[in-house]
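Peer 1: Have a look at the structure that comes next, please.
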Amino acid sequence: MTATGDTGTAEPVCGEVRTCLLQTSLSLTASAAEELLRLREDERVRLSERPNLHAVSPDVLTGVDCRLPTGSGARVRAIGTVAARAVLTEGRVLQATAYFRAAGAGPEQRQPWGHYLVRPGVLEPFGGLPVRAVADGILAGTRQAGELDLGAVSERLLTAVLRHQLLDQRPPFKSRRTRLRWVALRTRDGQAPSIRRFTLAADGLRTVELRVPEEIAPAAVAGLCEDLALHDWLLTTLVRMVERSRPGSADGYAVVTALRPAVDHLLHLWMPRARVAGALSPLWEVLEREPGFTRQWQTLVQRIRDQLALQAIPLPREALTAR
Amino acid sequence: MLVFAASDKGGTGRSVTSANLAYRRALAGDDVCYLDFDFGSPTAAAVFDVPGALRGIEAGGLHTYLQGKVSEPERIDVWAETEHEVLRHRPTGSGNLVLLPGDRSGGEFAVGRDALRRCVDLLLRLNAEFDLVVVDLSAGRSYAVDMALEATSRPAMRGVEARWLVYHRWTRQHVIAAAGLVFGDRGIVAGGVDRGHDAERLRGAIRFVRAAVPDPESPLWSQVPPPQSAWMRKCDQDLDELAADLEAGFSMVLGSVPLEPVLQWREQLITDEDVLASKVANMETRQALEELAAKLTDHESWGAT
Ligand SMILES: Nc1ncnc2c1ncn2[C@@H]1O[C@H](COP(=O)(O)OP(=O)(O)O)[C@@H](O)[C@H]1O
Ligand SMILES: [Mg+2]
């Protein structure tokens, strides 16, 4: 943890990521993933196959000139561009992130667009930036009309990808989306990164506030948050799947049918930190201690395996008597 | 699966029956959502007994969403927000039951390209989340029906299973009107074909539902004099023949719901409590609703006709 009193002033990075199951019966291959995420002609999709298949679209920019949400009610106008990208893990889980870096201060007048276009993914405030107020505003549950809505930007991108003709809209199971809002304030002088809060609210909304050294690129922070969101989604989805399977109920066949998709489509996706920049990976260790992501995951996985093993036991006997 | 609920006329029992089907499926463990696309009179919320939404909500409902004024339409968790005494106790093993209400002053509106895209996005999204998505459409060949036909004809929706229930009452006029809504020159099949649907497939995805059907054999009429009883039987038989002639006969019918005194008096969900404990509603009604709910996804009821 950083010393109290540290306000992490300079240039926060803010974002929102939405996570969902890709709506196809089979997970996509690397080349299909590349086609799905080719959002721009002039830039390539970044693909990597180790330690898992991971595809990242090029950033698409949205120009904005609007108020930033603030916790204090202060009116802060900002101009620039928000970056958005889509990410596909193992051809199965789709995420869309909208994010920006806020400049600590900006010109008091609106500049020609060229000024903003050479700073992709940067928003400049008119005058100074009340960092704490903006961080609180971004993490808050509601948006006023006319305020920057990162969720709407990521939602638009996610929805556009989900409309793609490559998708047969026959997913192996029903599932919900989750949203993670995040803010990373900057630390200086070699202070280690830290997590200030991580909250789970109703409606699948999560918020996280980080402290991150200022030399770490906004895209790397977005990558960390995508990794958090991915694993949070996996946990949320698996918990619900186990609940719905009604373990212990009389209908063993129904239990198997309900849990089978987890084995086929989810269990191999658990790989925390696979895509997190080295300097940020200690943050995961914090979450592993509290709330203990992997511990919960392993408990669920064991439960699923036990259920499936139990259901398998009577089968040979039935088969024998049937002869 | 998407289920579109249509009817040629208002007052057929479309909303009340569809809401009961949604309820039955949620009780059985499915995650179900109910969309009030009855743009003329968004009343579905009243059936679920959710407050503040009796005649559609003030704003932020489906109309507002389709017009692009909000990025997501309002959702009402029926189990959590209902004022119905029985519904408030969510049974274990039940699925989610979510209502997407219409706006109070929505009214019918022409569907432009943007509204259509939003409709497709919404249906895709709900289909990803819910086992069953029930869409209550305005009566007649309305904009709501057009939008449903158009949305389901889009390439993005090709893989999404969609079925149509066409509700009618058990009278001459209603049978003729319902058949017209399906097979007429300006009917659902013709309108679908215009939009690129395959005629055979679309026909195979449509079934009639007879609502509020008086059963001449029911105890309700056991006291009537013989001539009256004979007359009722004859009418019933004539209607069966008429329906068959109009291709709205047996093989095209998913089910019928008997005339239910409780529903005659009040638009509501028929709970097991109503049937078993207070006994205000008839067992036959519950039975019919349960069978109909099961048939929504039953393969045998939906082979090509
Ligand atoms: N099976 C039934 N028996 C008796 N009345 C019914 C039955 N089903 C519906 N009703 C009643 O008929 C009226 C019209 O039903 P409603 O669902 O509102 O029709 P629609 O949505 O087609 O306009 C309502 O008062 C409703 O309670
Ligand atoms: Mg109605």
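The values are calculated or read from the model by the stated rules, or taken from the named source; none is laboratory data. Everything numeric in this text was worked out from a predicted model, so none of it was measured. We place every Cβ from the backbone using ideal geometry, glycine too, and count neighbours over all the protein chains shown. Surface accessibility is based on the protein's heavy atoms, side chains included, excluding ligands, DNA and RNA. Shrake-Rupley method; radii C 1.70, N 1.55, O 1.52, S 1.80 Å.
Peer 1: May I ask for the net charge around residue B:232, where only other residues with Cβ less than 10 Å from the Cβ of residue B:232 are counted and Lys, Arg are +1 while Asp, Glu are -1?
Peer 2: Here the charged neighbours net out to -1.
Peer 1: Let me ask you something else. For the stretch B:29-91, what is the accessible area per residue in Å², given a 1.4 Å probe and the full set of protein chains?
Peer 2: For the stretch B:29-91, the solvent-accessible area averages 41 Å² per residue.
Peer 1: Let me ask another. How about residue B:295: which lysines have a C-alpha closer than 30 Å to its C-alpha, ignoring those fewer than 8 places off in the same chain?
Peer 2: Those lysines meeting the cut-off are A:174, B:9, B:234, B:279.
Peer 1: With the dipole of the stretch B:67-213 worked out from charges on the C-beta (+1 for Lys and Arg, -1 for Asp and Glu) around the Cα centre, which of B:156, B:182, B:95 lies farthest toward the positive end?
Peer 2: Result: B:182.
Peer 1: Of the beta bridges DSSP finds with both residues in the stretch B:2-300, what % are antiparallel, to the nearest 5? Working shown, then result.
Peer 2: Numbers: 2 of 34 bridges.
Here the antiparallel bridges make up roughly 5 percent for the stretch B:2-300.
Peer 1: Between residue A:53 and residues 5 or more places away or on another chain, which pairs have amide H atoms under 5 Å apart, with H built 1.01 Å from N, and which residues are they?
Peer 2: A:90
Peer 1: Set the Förster distance to 51 Å, then compute FRET efficiency between residue A:254 and residue B:173 from the Cβ-Cβ distance, nearest 0.05.
Peer 2: 0.70
Peer 1: Please name which of B:259, B:202, B:220 has its Cα lying farthest along the dipole of the stretch B:184-264 towards the positive end, using unit charges on Cβ (Lys, Arg +1; Asp, Glu -1) and the Cα centre as origin.
Peer 2: Highest projection toward the positive end goes to B:202.
Peer 1: Please list A:176-184, B:135-143, B:196-204 highest first by mean number of surrounding beta-carbon atoms within 10 Å per residue.
Peer 2: Order by mean packing, descending: A:176-184, B:135-143, B:196-204.
Peer 1: Would you mind counting up the charge near residue B:65? Only other residues with Cβ under 13 Å from its Cβ, with Lys and Arg at +1 and Asp and Glu at -1.
Peer 2: Working: positive: B:69, B:75, B:117, B:118, B:125; negative: A:155, B:36, B:72, B:74, B:103, B:114, B:121.
Residues close to residue B:65 contribute a combined charge of -2.
Peer 1: Please compute the average number of Cβ atoms from other chains found within 10 Å of each residue's Cβ in peptide B:188-201. It would help to have the intermediate numbers written out before the result.
Peer 2: On the way: counts 0, 0, 0, 0, 0, 0, 0, 0, 0, 0, 0, 0, 0, 0.
Going residue by residue through B:188-201 and averaging, the value is 0.
Peer 1: Name the residues of the stretch B:123-148, by number, that are at least 20 Å² less accessible with every protein chain in place than in the isolated chain; the surface is that of heavy atoms, probe 1.4 Å, without ligands or nucleic acids.
Peer 2: At a threshold of 20 Å² (probe 1.4 Å), the residues of the stretch B:123-148 that become less exposed are B:124, B:125, B:127, B:128, B:129, B:131.
Peer 1: Out of the stretch A:153-241, which GluC sites (Glu not before Pro) are coil in DSSP terms and have no more than 14 other C-beta atoms within 10 Å?
Peer 2: In loop regions of the stretch A:153-241 (DSSP not H, G, I, E or B), the sparsely surrounded GluC sites (Glu not before Pro) are A:215.
Peer 1: Please average, across the residues of A:240-248, the number of beta carbons from any other chain that are within 10 Å of each residue's own beta carbon, and give a whole number. Numbers along the way, then the final one.
Peer 2: Working: counts 1, 0, 0, 1, 5, 0, 3, 0, 0.
What the average comes to for A:240-248 is 1.
Peer 1: For the protein assembly as shown, which whole percent of the accessible surface, found with a 1.4 angstrom probe, sits on carbon and sulfur atoms?
Peer 2: Exposed carbon and sulfur together represent 51 percent of the surface.
Peer 1: Now, a different point. Take peptide B:244-257, look around each residue's Cβ out to 10 angstrom, count Cβ atoms belonging to other protein chains, and average those counts. Intermediate values should be presented prior to the final figure.
Peer 2: On the way: counts 0, 0, 0, 0, 0, 0, 0, 0, 0, 0, 0, 0, 0, 0.
Mean shielding count: 0.
Peer 1: For the stretch A:13-218, list log₁₀ I(q)/I(0) at each q in 0.12 Å⁻¹, using the Debye formula over Cα point scatterers of equal strength and ignoring solvent, two decimals each.
Peer 2: -0.66
Peer 1: Report, largest value first, the span of the C-alpha coordinates of the protein assembly as shown along each principal axis, in whole Å.
Peer 2: Dimensions of the protein assembly as shown along the principal axes of its Cα atoms: 99, 68, 47 Å.
Peer 1: If you place +1 on the Cβ of every Lys and Arg and -1 on the Cβ of every Asp and Glu, how big does the dipole about the Cα centre of the protein assembly as shown come out, in debye to the nearest 20? If you can, show how the numbers build up before the last one.
Peer 2: Values: 74 positive and 80 negative charges, 261 e Å.
Computed charge dipole of the protein assembly as shown: roughly 1260 debye.
Peer 1: What FRET efficiency do you get for residue B:198 and residue A:189 if R0 is 56 Å and r is their Cβ-Cβ distance, rounded to the nearest 0.05?
Peer 2: 0.25
Peer 1: If you average 1/r over every pair of different alpha-carbon atoms in the stretch A:20-63 and take one over that average, what Kirkwood value in Å do you get?
Peer 2: Taking the inverse mean of 1/r over all distinct Cα pairs, the stretch A:20-63 comes out at 11.5 Å.
Peer 1: Please give, to one decimal in nm, the separation of the simple spin-label points placed at residue A:288 and residue A:61, each 7 Å out from Cα toward the Cβ.
Peer 2: Here the modelled spin labels are 3.9 nm apart.
Peer 1: Taking only the alpha-carbon atoms of the stretch A:237-321, what semi-axes of the equivalent ellipsoid follow from 5 times the gyration tensor eigenvalues under a square root, in whole Å, largest first?
Peer 2: Sorted largest first and rounded, they come to 34, 12, 10 Å.
Peer 1: If Lys and Arg each add +1 and Asp and Glu each add -1, what is the summed charge of the other residues whose beta carbon sits under 15 Å from the beta carbon of residue A:200? Present the calculation step by step, with values, prior to reporting the outcome.
Peer 2: Numbers: positive: A:176, A:177, A:179, A:181, A:197, A:206, A:240; negative: A:203, A:209, A:232, A:290.
Within the 15 Å Cβ shell, the charges total +3.
Peer 1: When the scattering of the stretch B:209-305 is computed by the Debye formula from its Cα atoms alone, each counted once and equally, what is log10 I(q)/I(0) at q = 0.11, 0.17, 0.18, 0.25 Å⁻¹?
Peer 2: Log-scaled intensity ratios, in q order: -0.41, -0.91, -0.99, -1.27.
Peer 1: Could you calculate the FRET efficiency of residue A:199 with residue A:40 from 1/(1 + (r/R0)^6), where r is the beta carbon distance between them and R0 is 41 Å, rounded to 0.05? Let's see the in-between values first.
Peer 2: Details: r = 34 Å, r/R0 = 0.84.
Plugging the Cβ-Cβ distance into 1/(1 + (r/R0)^6) gives 0.75.
Peer 1: Roughly how large is the B-A contact in terms of buried accessible area, totalled over both chains, probe 1.4 Å, nearest 100 Å²? Before the final figure, lay out each step's value.
Peer 2: On the way: alone 13960 and 15550 Å², together 27760 Å².
In total, this chain pair buries about 1700 Å².
Peer 1: Same structure, new question: Determine the residues within the stretch A:157-199 where the difference in accessible area between the chain on its own and the full set of protein chains amounts to at least 40 Å²; count protein heavy atoms only and use a 1.4 Å probe.
Peer 2: For the stretch A:157-199, once contacts with the other chains are taken into account, A:163, A:165, A:169, A:170, A:174, A:176, A:177 lose 40 Å² or more.
Peer 1: Of all GluC sites (Glu not before Pro) in the stretch A:2-97, which ones are in loop regions per DSSP and have a Cβ with at most 13 other Cβ atoms within 10 Å?
Peer 2: Those that pass, being in a loop and sparsely packed, are A:41, A:43, A:49.
Peer 1: Can you compute the charge dipole magnitude of the stretch B:225-305 about its Cα centre, using +1 on each Lys and Arg Cβ and -1 on each Asp and Glu Cβ, nothing else charged? Give it in debye, rounded to the nearest 20.
Peer 2: Value, rounded to 20: 260 debye.
Peer 1: Still on this structure, I have one more. About the Cα centre of chain B, how large is the charge dipole given +1 on each Lys and Arg Cβ and -1 on each Asp and Glu Cβ? Please answer in debye to the nearest 20.
Peer 2: Using only the charged Cβ atoms, the result is roughly 520 debye.
Peer 1: Can you give me the long-range amide H partners of residue B:3? Hydrogens built in the peptide plane at 1.01 Å from N, cutoff under 5 Å, separation of 5 or more residues or another chain.
Peer 2: B:133, B:134, B:135, B:163
Peer 1: Computed on alpha carbon atoms, what radius of gyration and Dmax characterise the stretch B:1-72, expressed in Å?
Peer 2: 12.8, 35
Peer 1: I've got another one for you. Over chain A, average the accessible area per residue using a 1.4 Å probe and give it in Å², no decimals.
Peer 2: Details: 14660 Å² over 323 residues.
I get 45 Å² per residue for this part.
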